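Here's the structure we're looking at; comments come further down.
The values are calculated or read from the model by the stated rules, or taken from the named source; none is laboratory data. Keep in mind the model is a prediction, meaning the values are calculated, not measured. Positions of Cβ are generated from backbone atoms using ideal geometry, with glycine treated the same way; all protein chains shown enter the neighbour counts. Keep in mind that these areas ignore ligands, DNA and RNA; they rest on the heavy atoms of the full protein, side chains included. Shrake-Rupley method; radii C 1.70, N 1.55, O 1.52, S 1.80 Å.
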Amino acid sequence: QVQLVESGGGLVQPGGSLRLSCVTSGSIFSIYRMGWYRQAPGKQRELVATITSAGTTNYGDSVKGRFTISRDNAKNTVYLQMNSLKPEDTAVYYCNRFPVYDNWGQGTQVTVSS
């Protein structure tokens, strides 16, 4: 099992930006396909974006063109750059392997509101 620690969330106005980070434990992080997920109040957790070990990315339709997932294998870290944020992006954001494998971390709260 890999330990996952997310950070970088906060309160931002619509149209603003945030950069989330997820630091993972484990010496073989670089071979994992990683994903960012989110869970809004009263809704199921959903997949936001994934990145393979080679850096190939995929995005959910609701975030395409606004969010960018990246990784730094030397730092065992995966990032999510979120631009043009909308109120409907409000959620707790989590990272995990894709498909989900590890215990969930605490997540980081993102609130988009004026």
Original post:
Got a number for residues in the range 73-93 being closer than 23 Å to G55 by Cβ, in a strand (DSSP E or B) and hydrophobic (A, V, I, L, M, F, W, C)?
Top reply: 3
**OP:** Tell me which residues, restricted to the range 21-68, are over 17 Å from V2 (Cβ atoms) and either among the aromatic types (F, W, Y) or in a strand (DSSP E or B) (or both).
**Re:** R38, Q39, E46, L47, V48, A49, T57, N58, Y59, F67, T68
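Would the range 94-110 turn up any residue that is outside any strand (DSSP E or B) and over 23 Å from V2 (Cα atoms)?
Checked the range 94-110: no residue is outside any strand (DSSP E or B) and over 23 Å from V2 (Cα atoms).
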**OP:** Kindly provide the set of residues from the range 54-72 that are open to solvent by 60 Å² or more (accessible area, probe 1.4 Å) and either touching a helix residue (DSSP H, G or I) at 6+ places or on another chain (Cβ under 6 Å) or farther than 19 Å from S17 by Cα (or both), ordered by number.
**Re:** A54, T56, N58
Subject >> Residue identified as within 26 Å of S114 (Cβ to Cβ), modelled with pLDDT under 95 and open to solvent by 30 Å² or more (accessible area, probe 1.4 Å) among P14, P41 >> reply: P41
Subject >> Hits in the range 73-103 (condition: in contact with a strand residue (DSSP E or B) (Cβ under 7 Å, 6 or more places away or on another chain), surrounded by fewer than 22 Cβ atoms within 10 Å (Cβ to Cβ) and within 19 Å of I31 (Cα to Cα)) >> reply: N76, T77, Y79, R97, F98, D102
